[in-house]
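Here is the structure we will look at, set down as structure tokens.
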Amino acid sequence: MKSTFKRVTFAVFILPYLLLTACSEFKSENKDEEVKEVYQVPVETMLLLTQDITNTYKTTAVLEARSESKVTNKVTGMINKILVEEGMHVTKGQVLAEIDSESYQLDFERASIDLASATAEYNRSKPIDGKQLISVKDLEKLEFLVQSRTNQQAVAAIKVRDSKVKAPISGVIAERMVKEGNMTSGGESEMFHIVALDTLQGVVYLPESEINSVKIGQQAQLIFPANEQIFIPATVALISPIIDTESGTFKVTLNVNNDNGALKPGMFAKVSLMLDVHEMAQVVPQRALLVTDTETSLFVVVDNKAKKVVVDTGFEENGFVEVITPLVADEPIIVVGQQGLKIDSVVKDIGNEEERVEVEKEKKVEAGKITKDKSLPSE
């Protein structure tokens, strides 16, 4: 009897506990299922793009004049006139300065007189009607004398000509080193520096791996820090056939048209050299890619789940990357929120405005519930 009473008592106390535990576990399982069903990883997606993409090599260069000349004096003397100033445009053959030429004029006149005298004597000594007036040897000496005096006259004429300092090329006077009324410092001393600004050049050095990608006439674009919104076109003019063994690079010279004179030698430029173009390539934003030491991958959305795709990439341009691995065109690519995303995670695209509004509303409702729950008195 006592044993039966004990059993009944034990059942009375144990059964409610078991019922409560079962209910609690059932509620806990339901809550976990609800959480799993409700939670979706917010992401932003976009569809695969198909467009042309360019392989562009970016480097820097300093502009320099393709043609320039350091004008020197070929004769010495007092500088009588300076006819140009810095910044002035000059044409080839234009007189830049005049050096006192009085002594050179006298030398020319003396040489002319000596030539005339030698010529007259030679003419008088020539045979007349077959009769030899002087020996053949003396006649040859007179002939050589005429040639010598002719050369002396030509040299004197060159000195007179060189007393007028002329521009060897067309361009702009970049620098003037002499002053009017001063003596020239000596032969071959620099007087003016002329640069041709109509065509400038920029020298860049490319890695050896690109030597087969560069061709004469290839296009490039230059950007200058003074105005980064303006792109100046340039053309590959020269390609060095030699690889520098120390740096592993080769020299490429770009021609830059400067007919309007806006560019100046010495300006720093950012160079974008277009090496190749892939037409109608698969392109994704660079931010969509996950790059590690072993692979490059991205996530696509299939049935609202994230699927990882390992890809091979090609050209890069302006924040976009060519994807060589074939992708499905209508599978959205995750571009925001893929960091730390797990495979088969349920995702929600909040890329459009309507979905963003819904998410914000849900956040506000959840925040309101939490606040309301906290304000309720505990029993």
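The values are calculated or read from the model by the stated rules, or taken from the named source; none is laboratory data. Please read all numbers here as calculations on a predicted model, not as lab measurements. Note: ideal-geometry Cβ built from the backbone for every residue, glycine included; neighbour counts use all protein chains shown.
Of Phe250, Phe224, Phe299, which residue is more than 19 Å from Thr59 (Cβ to Cβ), aromatic (Phe, Trp, Tyr) and surrounded by 14 or more Cβ atoms within 10 Å (Cβ to Cβ)?
On inspection, the qualifying residue turns out to be Phe299.
Scan Lys159, Lys70 and give me the residue that is part of a helix (DSSP H, G or I), surrounded by 14 or more Cβ atoms within 10 Å (Cβ to Cβ) and modelled with pLDDT of 90 or more.
Lys159
Among the residues of region 159-176, which ones are among the hydrophobic types (A, V, I, L, M, F, W, C) and without any contact (Cβ under 8 Å) to a residue 60 or more places away in the chain?
Residue satisfying the conditions is Val160 alone.
Of all residues in region 262-274 being among the small types (Gly, Ala, Ser) and surrounded by 15 or more Cβ atoms within 10 Å (Cβ to Cβ), which is nearest to Glu175 (Cα to Cα)?
Ala269
Could you tell me whether region 325-333 includes any residue that is touching a Phe, Trp or Tyr at 6+ places or on another chain (Cβ under 7 Å) and modelled with pLDDT of 90 or more?
There is no residue in region 325-333 that is touching a Phe, Trp or Tyr at 6+ places or on another chain (Cβ under 7 Å) and modelled with pLDDT of 90 or more.
So for region 188-200 (the condition being among the polar types (S, T, N, Q) and touching a residue at least 40 places away in the same chain (Cβ under 8 Å)), does at least one residue qualify?
Scanning region 188-200 turns up at least one residue that is among the polar types (S, T, N, Q) and touching a residue at least 40 places away in the same chain (Cβ under 8 Å).
Checking Gly217 against (1) under 17 Å from the mean Cα position of the chain (by Cα); (2) surrounded by 13 or more Cβ atoms within 10 Å (Cβ to Cβ), only one condition comes out false. Which one?
Condition not satisfied by Gly217: (2).
Just checking, how many residues over region 275-284 are surrounded by fewer than 16 Cβ atoms within 10 Å (Cβ to Cβ) and under 22 Å from the mean Cα position of the chain (by Cα)?
So the answer is 2.
Taking the stated definitions as given, is Ser189 more than 44 Å from the chain's Cα centre (by Cα), closer than 16 Å to Val71 by Cβ and not basic (Lys, Arg)?
Judged against the criteria, Ser189 is not a match.
So Leu238 fits all but one of (1) assigned to a strand (DSSP E or B); (2) without any contact (Cβ under 8 Å) to a residue 12 or more places away in the chain; what number is the exception?
Leu238 satisfies all of (1) assigned to a strand (DSSP E or B); (2) without any contact (Cβ under 8 Å) to a residue 12 or more places away in the chain except (2).
Check Asn212 against each of (1) without any contact (Cβ under 8 Å) to a residue 24 or more places away in the chain; (2) farther than 19 Å from Tyr57 by Cβ and name the one condition it does not meet.
Asn212 satisfies every listed condition except (2).
Go through region 321-353 and count every residue that is among the charged types (D, E, K, R) and closer than 30 Å to Leu275 by Cβ.
Total meeting the criteria: 1.
Pairs only if they're at least six apart or on different chains, beta carbon under 8 angstrom, first in region 122-136 and closer than 18 Å to Ser148 by Cβ and assigned to a loop (DSSP other than H, G, I, E, B), second of a type outside the set (A, V, I, L, M) and at pLDDT 80 or above; list them, first residue then second.
Filtered contacts from region 122-136: Ser125/Asp138.
Let me spell it out: the conditions are (1) farther than 23 Å from Glu86 by Cβ; (2) modelled with pLDDT under 90, and Thr235 meets all of them except one. Which number is the exception?
In the conditions (1) farther than 23 Å from Glu86 by Cβ; (2) modelled with pLDDT under 90, Thr235 misses (2) alone.
Taking into account only those residues within region 310-320 that are among the hydrophobic types (A, V, I, L, M, F, W, C) and without any contact (Cβ under 8 Å) to a residue 40 or more places away in the chain, which is nearest to His278 (Cα to Cα)?
If we take residues in region 310-320 being among the hydrophobic types (A, V, I, L, M, F, W, C) and without any contact (Cβ under 8 Å) to a residue 40 or more places away in the chain, then Val311 is nearest to His278 (Cα to Cα).
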